[in-house]
1. Can you give the local net charge around Tyr109? Use residues other than it whose beta-carbon is closer than 14 angstrom to its beta-carbon, Lys and Arg +1, Asp and Glu -1.
2. Enumerate the calculated ³J(HN,Hα) couplings along region 20-35 in order (Karplus 6.51 cos²θ - 1.76 cosθ + 1.60, θ = phi - 60°), each rounded to whole Hz, writing x wherever the residue is Gly or Pro.
3. Under 5 Å between amide H atoms, partner at least 5 residues away or on a different chain: which partners does Phe67 have, H built in plane at 1.01 Å?
4. Give the aspartates and glutamates whose C-alpha is closer than 16 Å to that of Lys75, dropping any in the same chain fewer than 8 places away, or say none.
5. Straight-line reach from Lys64: which lysines have a Cα under 22 Å away, not including same-chain ones fewer than 8 places off?
6. Could you give each residue of region 92-100 its phi-based ³J(HN,Hα) in whole Hz, using Karplus coefficients 6.51, -1.76, 1.60 with θ = phi - 60°, and x for Gly or Pro?
7. To the nearest 10 square angstrom, what accessible area does Met34 show with a 1.4 Å probe?
8. Once R0 is set to 30 Å, what does the formula 1/(1 + (r/R0)^6) return for the Cβ-Cβ distance between Asn27 and Gln81, expressed as a FRET efficiency to the nearest 0.05?
Amino acid sequence: QVQLVESGGGLVQAGGSLRLSCAASGNIYRINVMRWHRQAPGKQRELVAAISSAGTTDYADSVKGRFTISRDNAKKTVYLQMNSLKSEDTAVYYCYADISALGYMNRGYWGQGTQVTVSS
């Protein structure tokens, strides 16, 4: 019954900004780590950013200084603020969350993905 839904993707010119959102819903007791991944055509899926339940963050070297991950635990939502976008950022962006329901082990969940296209 857990679902992750991403939003905020779209087409933007190089140098522009977008903010992605990922909202979790369903039978959720707590959310542990939340991550953003991306996959460009013909390439492997890669980790972009991660944030722990305590707010500790980590970023891929390619996005450091440009992207910011944050979360709102009350809203069960993770965000990715993307600034100074480059054509190399073009990809499908996926949300991931490690979630536990009351009385159950943690499980990993993926969102459906949202397309980000950066034009030059």
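The values are calculated or read from the model by the stated rules, or taken from the named source; none is laboratory data. Note that this is a predicted model, so its numbers are computed, not measured. Ideal geometry is used to build each Cβ from the backbone, glycine not excepted, and the neighbour counts take in all protein chains shown. Each accessible area value is taken on the protein alone, full model and side chains, heavy atoms only, with ligands, DNA and RNA left out. Shrake-Rupley method; radii C 1.70, N 1.55, O 1.52, S 1.80 Å.
1. +2
2. Those phi angles translate into 8, 10, 9, 10, 9, 9, x, 7, 10, 8, 8, 10, 8, 5, 10, 9 Hz.
3. HN-HN under 5 Å from Phe67: Asn83.
4. Glu6, Asp98
5. Counting by Cα, and skipping residues close in sequence, Lys64 has these lysines nearby: Lys43, Lys86.
6. Ordered by residue, 3J(HN,Hα) equals 8, 9, 10, 8, 10, 9, 9, 10, 10 Hz.
7. Probe radius 1.4 Å; accessible area of Met34 about 0 Å².
8. After rounding, the FRET efficiency stands at 0.55.
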